Amino acid sequence: MFTEFLQFLLSGVTVGATYALVGVGFSIIYNASQVINFAQGEFVMLGGMMAWFLFERAGLPMPAAVPLAIAGTVLVGLALEKFAIEPARNASIVTLIIITIGASIFLRGGAQLVWGRDFHALPALSGDAPIDLSGVAVNPQSLWVMGCTVVVVILLHWFFSRTMTGRAMRAVAFNMLAAQLAGVNNRLILMFSFGLSAALGALAGVLIAPITLTYPDVGIMLGLKGFCAAILGGLGYPYGAIVGGLIVGISEAMTAGYVSSAYKDAVAFVIILMTLFFMPNGLFGRRGIERV
Amino acid sequence: MTLLAVESLSKAFGGNRAIDGLSLSVRQGAVHSIIGPNGAGKTTLFNLVTGIYTPEHGRILLDGADTTGLAPYRMAGLGLSRTFQNLQVFFNMTALENVMVGMHLHCDRRFLPSMLRLPRVVRRDAEIAAEAAELLHFVGLADYVGADSDAMPYGALKRLEIARALATKPRLLLLDEPAAGLNPSETGEIDDLIRKIAGTGVTVVLVEHDMRLVMGVSEHILVLDRGTLLAEGTGEEIRHNPDVVAAYLGEEGRYL
Amino acid sequence: MNRFMRLATPRYGGMLGLAAIIAVLPAFLPNSFYFDVVILVGLNAIVCIGLNLLVGYAGQISLGHAGFFGLGAYASAILTGNYGWPPVLALLAGAAGTGLLAFAVARPIMKLRGHYLAMGTLGLGIIISIVLTQEVDLTGGPDGMPVSGFSVLGWEPSGVLVWYWIVGGLLLLTVWLALNIVESPVGRALRAVHGSEAAAQTMGVDVVHYKVLVFVVSAVLASIAGSVFVHYIGFVTPSEAGFVHSIELITMVVLGGLASIYGAVVGAAILTTLPQLLTALHDYEMLGFGAIMMGVMIFMPKGLVPTVARLIRDRVR
């Protein structure tokens with residue numbers, strides 16, 4: 001009984017960590033630009049696909065393929081900011097949403113063209129043999145996902161609280177105009193946010209690809225659930241997105257395990273609707289006071 | 001006769017008590033001004049009276065009826081209207097349409113007849129449009145009747161808000177800094193407009209920093225400081241009130 | 001305004017122009033494939049007009065409207081197929097049911113703002129599409145289900161030309177009704193909600209009421225279009241209710257032009273025909289589609305119809 005529960009919990013935390021990484025990416029870009037980047041899921045897809053390509057096709061060793069895949073995705077993220085977001089800075093929220101959706105279609109189309117429509121399997125980083133922990137079968141890749149997520153969270157915390165760039169990003173999120181007046185270069189921050197988000201997405205993609213396989217459309221649902229995580233935690237709160245991601249992942253795994261796997265994908269959206277109905281600004285979101 | 005009364009009203013944002021046990025009343029038919037240093041709670045008071053904020057304590061009475069906690073759109077029906085410190089013009093409409101929204105409660109606004117464009121809806125709307133155009137003339141915006149509001153100068157937008165507020169046919173009109181950002185000659189025109197509005201029998205309450213305007217048009221002045229009523233009286237009384245002078249020292253005291 | 005001047009207004013001029021296009025277009029359509037595309041344009045345009053009332057006029061985004069389209073589609077499919085209802089009755093029941101559901105969720109959903117509203121409507125649409133996919137016994141699951149033809153009092157439309165006139169007529173009717181709403185006190189109230197909620201309320205506009213109203217109206221229009229769609233196609237799959245379709249719909253609205261009834265029609269026409277043209281690009285189809293979407297929105301953030309209308313107006317002056 002209890003082992004079963006632990007097994008579900010483990011798989012929930014693994015997926016949830018992926019959602020969390022994607023969700024943090026949403027929050028970081030939102031903070032720098034008030035833009036919701038619907039191409040966030042495509043960063044995940046690109047990370048997984050590039051790693052697969054570099055490892056399987058180009059024959060690079062894994063320690064080279066992974067960083068290169070992340071770097072390649074970062075370049076795509078920077079290009080997206082430079083050529084699609086920057087020229088439309090003053091457009092309305094809806095217009096910007098459509099632009100990022102256009103970008104996501106574009107990137108999926110590009111991936112199909114370059115790598116085909118097939119499913120690809122990236123080998124796990126340290127083998128497939130499950131480790132037995134008193135009855136719970138632990139997939140080594142799950143440990144990689146959780147370990148990397150913890151490291152990323154610690155690094156992000158250090159980055160946002162200790163480095164100049166991180167503090168500048170928090171300042172921009174808090175008050176863009178004031179930050180600009182204080183000498184923060186908003187455009188640079190915006191570029192950097194897209195790069196950082198792309199890196200986080202790509203990392204999630206590399207880590208999850210051995211578990212879920214990777215294919216051009218893999219990013220759609222991952223992106224939407226990452227968006228759920230970000231909204232659940234309160235948009236613009238990277239730490240909230242991590243909690244949100246874990247809640248969504250664990251609830252999904254529990255539903256699939258105990259209730260019905262058919263409605264697994266609906267769980268995230270039911271949670272988000274219920275939360276928003278009662279807490280319109282997410283779990284940790286600031287309540288905005290209307291100033292007139 | 002008292003038209004508006006607030007009784008021991010309180011509203012806090014976080015730990016900041018913006019309005020702190022405030023009581024005051026506004027007489028029918030007179031022009032009142034509310035003055036006070038920045039952060040005294042003037043705009044918060046307007047937002048409370050119009051129902052945009054809900055007070056934590058206290059009551060708001062309009063013509064003797066308790067309106068505390070009523071939704072803002074209900075207040076318009078009770079004869080209360082206002083303008084905004086930060087322009088809240090409908091920039092997606094023409095000047096005329098802005099004023100026509102002000103007449104919302106006087107329109108035939110039933111959904112099905114509107115969707116089917118029944119003749120009486122069209123006829124009523126034409127009457128509304130004519131009335132709205134008259135109001136634009138009244139506030140001195142005759143040249144802007146068909147203009148897109150996002151193409152109008154700032155001073156004209158200030159008056160557009162006044163026309164729109166008048167379109168609700170209010171008994172009590174709250175003007176939140178109508179002269180802010182205007183040059184002296186434009187301010188003079190606002191002064192004339194306020195007198196003209198008061199002349200039609202509408203009670204006007206003004207929040208304003210321009211002391212010349214305040215002293216010129218107001219029959220009664222209320223001074224707020226840190227969410228409480230510091231003093232009230234005629235311009236002459238306020239000018240010589242030592243508390244007021246102290247509160248204003250270093251800020252607007254030099255104009256008093 | 002004299003008679004000739006009135007012809008130049010968007011209301012009369014536009015409706016006349018649209019009617020003229022609908023009337024002469026069949027002469028230029030070589031075969032039923034083209035009719036098929038144009039009929040789909042018309043049905044998408046009907047959904048987009050409703051969606052534009054919500055998004056463009058009232059300023060409330062929805063990323064889940066395909067859900068309502070799907071509900072209408074499946075209501076018609078299931079009620080006529082499994083229960084033998086007459087199609088018209090099924091269409092009306094679907095519209096009423098969808099309207100009721102929209103009404104029930106509108107209050108909490110319309111309280112949300114900006115990206116939270118985007119998430120809420122997106123979630124609603126996805127939940128609807130997942131339910132339609134998973135309730136296999138009722139809906140046929142991911143494979144979908146066949147739908148019988150349409151019939152009114154024993155008359156059954158057959159052939160693309162008849163369907164063309166039906167959809168053309170419905171589109172004209174929808175444009176007329178939508179223009180009526182937009183130019184009435186109701187339409188002004190909707191635009192006021194978009195312009196400034198605080199000011200709208202102060203003017204006596206019951207903001208929540210109008211948000212709920214326009215959400216329900218747009219949902220009902222989507223449901224009706226969904227019903228007509230499945231009777232025309234003769235088949236329904238859950239993808240009609242899916243996220244991708246929702247995105248297509250909102251893209252049509254934004255691309256054509258927010259707060260423009262004709263913009264919704266133009267947007268639907270372009271985005272419905274574009275994939276057909278792009279099939280010539282084969283593998284580059286998605287790439288091209290995404291690039292066009294981004295390009296138009298970057299260079300015409302206000303959408304095609306308002307941008308072109310402004311250009312023409314400036315030229316005339």
Is it true that some residue in the stretch A:49-70 is crowded, with 24+ Cβ neighbours inside 10 Å, β-branched (Val, Ile, Thr) and under 15 Å from the mean Cα position of the chain (by Cα)? no
Please specify each residue of the stretch B:230-249 satisfying the condition of being over 19 Å from B:VAL204 (Cβ atoms) and surrounded by 17 or more Cβ atoms within 10 Å (Cβ to Cβ). B:LEU230, B:ALA231, B:ASN241, B:VAL244, B:ALA247, B:TYR248
Just checking: which of the helices (runs of 4 or more DSSP H) contained wholly in the stretch B:168-256 hold 2 or more residues that are modelled with pLDDT of 90 or more and more than 18 Å from B:LEU24 (Cα to Cα)? B:184-199, B:211-217
The stretch B:12-34 residues that are at positive phi, paired with ones that are surrounded by fewer than 16 Cβ atoms within 10 Å (Cβ to Cβ) (beta carbon under 7 Å, 6 or more apart): B:GLY21/B:SER8; B:GLY29/B:GLY201
Suppose we filter A:LEU200, A:LEU188 for residues that are touching a residue at least 24 places away in the same chain (Cβ under 8 Å), part of a helix (DSSP H, G or I) and either away from every other protein chain (no Cβ under 14 Å) or among the aliphatic types (A, V, I, L, M) (or both); which single one remains? A:LEU200
Taking the stated definitions as given, is C:ALA241 more than 10 Å from every other protein chain (Cβ to nearest Cβ) and touching a Ser or Thr at 6+ places or on another chain (Cβ under 9 Å)? yes
Scan the stretch A:95-107 and give yes if some residue there is touching a residue at least 24 places away in the same chain (Cβ under 8 Å), of a type outside the set (A, V, I, L, M, F, W, C) and within 14 Å of chain C (Cβ to nearest Cβ), otherwise no. yes
Is there any pair linking a residue in the stretch B:122-146 that is over 21 Å from C:LEU179 (Cβ atoms) to one that is part of a loop (DSSP other than H, G, I, E, B), with Cβ under 6 Å and at least six apart or on different chains, and which? B:ALA133/B:VAL145; B:LEU136/B:VAL145; B:TYR144/B:MET152
When restricted to C:ALA178, C:ALA200, C:ALA219, the only residue in a helix (DSSP H, G or I) and over 24 Å from C:LEU92 (Cβ atoms) is C:ALA200
For the stretch B:75-103, give me each residue that is surrounded by fewer than 24 Cβ atoms within 10 Å (Cβ to Cβ), within 8 Å of another protein chain (Cβ to nearest Cβ), within 20 Å of the chain's Cα centre (by Cα) and closer than 24 Å to C:LEU213 by Cβ. B:GLY77, B:GLN88, B:VAL89, B:PHE91, B:GLU97
Which condition from (1) away from chain C (no Cβ under 14 Å); (2) surrounded by fewer than 16 Cβ atoms within 10 Å (Cβ to Cβ); (3) under 20 Å from the mean Cα position of the chain (by Cα) is the one that A:VAL74 breaks? (2)
Pairs with Cβ under 7 Å, 6+ apart, first in the stretch A:122-134 and over 13 Å from A:ILE208 (Cβ atoms), second part of a strand (DSSP E or B): A:PRO130/A:ALA137; A:PRO130/A:VAL138; A:ILE131/A:VAL138
Yes or no: the stretch C:206-222 includes at least one residue that is under 12 Å from the mean Cα position of the chain (by Cα), under 24 Å from C:LEU177 (Cα atoms) and within 9 Å of chain B (Cβ to nearest Cβ). yes
Search result, residues across the stretch B:36-67 that are within 25 Å of B:HIS104 (Cα to Cα) and either within 11 Å of chain C (Cβ to nearest Cβ) or touching a helix residue (DSSP H, G or I) at 6+ places or on another chain (Cβ under 9 Å) (or both): B:PHE46, B:ASN47, B:VAL49, B:THR50, B:GLY51, B:ILE52, B:TYR53, B:THR54, B:ILE60, B:LEU62, B:THR67
May I ask you to say which residue of C:ALA178, C:ALA192 is more than 8 Å from chain B (Cβ to nearest Cβ) and either without any contact (Cβ under 8 Å) to a residue 40 or more places away in the chain or within 23 Å of C:SER246 (Cβ to Cβ) (or both)? C:ALA178
A:ALA79 vs. criteria within 14 Å of chain C (Cβ to nearest Cβ) and crowded, with 19+ Cβ neighbours inside 10 Å: no
Sort out which residues of the stretch B:163-182 are among the small types (Gly, Ala, Ser) and surrounded by fewer than 24 Cβ atoms within 10 Å (Cβ to Cβ), and write them in order of number. B:ALA180, B:GLY181
Kindly indicate whether any position in the stretch B:157-167 is closer than 22 Å to B:PHE90 by Cβ and assigned to a loop (DSSP other than H, G, I, E, B). no
Reported set for the stretch C:131-146 where residues are of a type in the set (A, V, I, L, M), part of a helix (DSSP H, G or I) and in contact with a Gly (Cβ under 9 Å, 6 or more places away or on another chain) is C:LEU132
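Residue by residue, here is whether (1) farther than 28 Å from A:PHE119 by Cβ; (2) surrounded by fewer than 24 Cβ atoms within 10 Å (Cβ to Cβ) holds:
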position	(1), (2)
A:GLN7	no, yes
A:ALA20	no, no
A:GLY23	no, no
A:SER27	yes, no
A:GLN34	yes, yes
A:PHE38	no, no
A:LEU46	no, no
Taking the stretch C:269-291 only, how many residues are under 21 Å from the mean Cα position of the chain (by Cα) and either more than 10 Å from every other protein chain (Cβ to nearest Cβ) or surrounded by fewer than 19 Cβ atoms within 10 Å (Cβ to Cβ) (or both)? 8
Count - residues of the stretch A:108-117 that are of a type outside the set (Gly, Ala, Ser) and either buried (at least 22 other Cβ atoms within 10 Å of the Cβ) or at the interface with chain C (Cβ under 7 Å from one of its Cβ atoms) (or both): 3
If you check C:VAL186 against the conditions, is it at the interface with chain B (Cβ under 8 Å from one of its Cβ atoms), surrounded by 24 or more Cβ atoms within 10 Å (Cβ to Cβ), in contact with a Lys or Arg (Cβ under 8 Å, 6 or more places away or on another chain) and over 24 Å from C:SER32 (Cα atoms)? yes
When the stretch C:110-126 is examined, which residues are found to be farther than 19 Å from C:GLY70 by Cβ and more than 7 Å from chain A (Cβ to nearest Cβ)? C:MET110, C:ARG113, C:LEU117
It is to be established whether one or more residues within the stretch A:204-214 are assigned to a helix (DSSP H, G or I) and in contact with a Pro (Cβ under 8 Å, 6 or more places away or on another chain). yes
From the list C:VAL253, C:VAL228, C:VAL266, which residue is within 10 Å of chain A (Cβ to nearest Cβ) and in a helix (DSSP H, G or I)? C:VAL253
Just give me the residues in the stretch C:67-89 being buried (at least 23 other Cβ atoms within 10 Å of the Cβ) and more than 14 Å from chain A (Cβ to nearest Cβ), in sequence order. C:PHE68, C:PHE69, C:GLY70, C:LEU71, C:GLY72, C:ALA73, C:TYR74, C:ALA75, C:SER76, C:ALA77, C:THR80
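The values are calculated or read from the model by the stated rules, or taken from the named source; none is laboratory data. Bear in mind that the values here come from a model prediction, so they are computed numbers and not experimental data. Using ideal geometry, Cβ is built from the backbone for each residue, glycine included, and neighbour counts are taken over all protein chains shown.
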